[in-house]
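Asks: Before I ask anything, here is the structure I am working with.
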Amino acid sequence: MASQAFEAIVEDFEFLEDWEDRYRYVIEQGKAMEPLDDALKVPATKVEGCASQVWLHPVIEDGKFHFDGDSDAMIVRGLIAVLRSLYNGLEVAEVPGVDARAEMSRLGLDENLSSQRSNGLRAMIERIRTVAAAA
């Protein structure tokens, strides 16, 4: 069950023929995202297992899950933006039920990312699931 925002990305990807265009699209998503406040870039929000620096700051309000994030790598910022479209606004209880790997594979990201980026993406998804499960 993907959000409307994520479905919009899936639809956009269907129009982008080659991987270079898709890669640029993901980077543009990251550029459009508000940067994470430096005060939130602390060890508690840092995601281990990523080749680049990654921070995720989850917020749960009125039972809804949201997170902001940032990275020093443009493509990773874009991946964070894509994950935000997948998860933000869901009920906390729905978050662990999202098959993020299957949803991301609809974009073909899994076969076009380096193994380091794929590992980082998995680490970000795990962090999101862990935070939601703990809530």
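Asks: Using +1 on the beta carbon of Lys and Arg, -1 on that of Asp and Glu, and nothing else charged, what's the dipole of the chain about the Cα centre, debye to 20? It would help to have the intermediate numbers written out before the result.
Replies: Details: 14 positive and 25 negative charges, 104 e Å.
Dipole about the Cα centre, nearest 20: 500 debye.
Asks: If you don't mind, another one. Add -39500 (n - 2.57) for each DSSP H run of 4 or more in the chain, then divide by its residues: what number comes out at 222 nm, to the nearest 500 deg cm²/dmol?
Replies: -16000 deg cm²/dmol
Asks: Right, here's the next one. Counting Lys +1, Arg +1, Asp -1, Glu -1, what net charge surrounds residue 96 among other residues with beta carbon under 12 Å of its beta carbon?
Replies: That sum, taken over residues with Cβ under 12 Å, equals -3.
Asks: Scan the chain and note any complete DSSP helix (H) whose C-alpha atoms cover at least 24 Å along its axis and whose Kyte-Doolittle average is 0.0 or more. Present the calculation step by step, with values, prior to reporting the outcome.
Replies: Working: long enough: 115-134 (28 Å, -0.26).
Membrane-span-like by this criterion, though nothing is claimed about a membrane: none.
Asks: Next question, about the same structure. Rounded to two decimals, what is Rg over Rh for the chain when you use alpha-carbon atoms and the Kirkwood radius?
Replies: 0.93
Asks: If we restrict to alpha carbons, what Rg and Dmax does the range 1-71 come to, in Å?
Replies: 14.7, 40
Asks: Then there's this: In the neighborhood of residue 83, defined by Cβ-to-Cβ distances under 12 Å, what is the net charge if each Lys or Arg adds +1 and each Asp or Glu adds -1? Present the calculation step by step, with values, prior to reporting the outcome.
Replies: Details: positive: 77, 84, 101, 122, 127, 129; negative: 68, 103, 126.
Local net charge: +3.
Bear in mind that the values in this text are calculations on the coordinates, not laboratory data. Note that the structure is a prediction, hence the values are computed from the model and not measured. Glycine also receives a Cβ, built like all others from the backbone with ideal geometry; neighbour counts cover every protein chain displayed.
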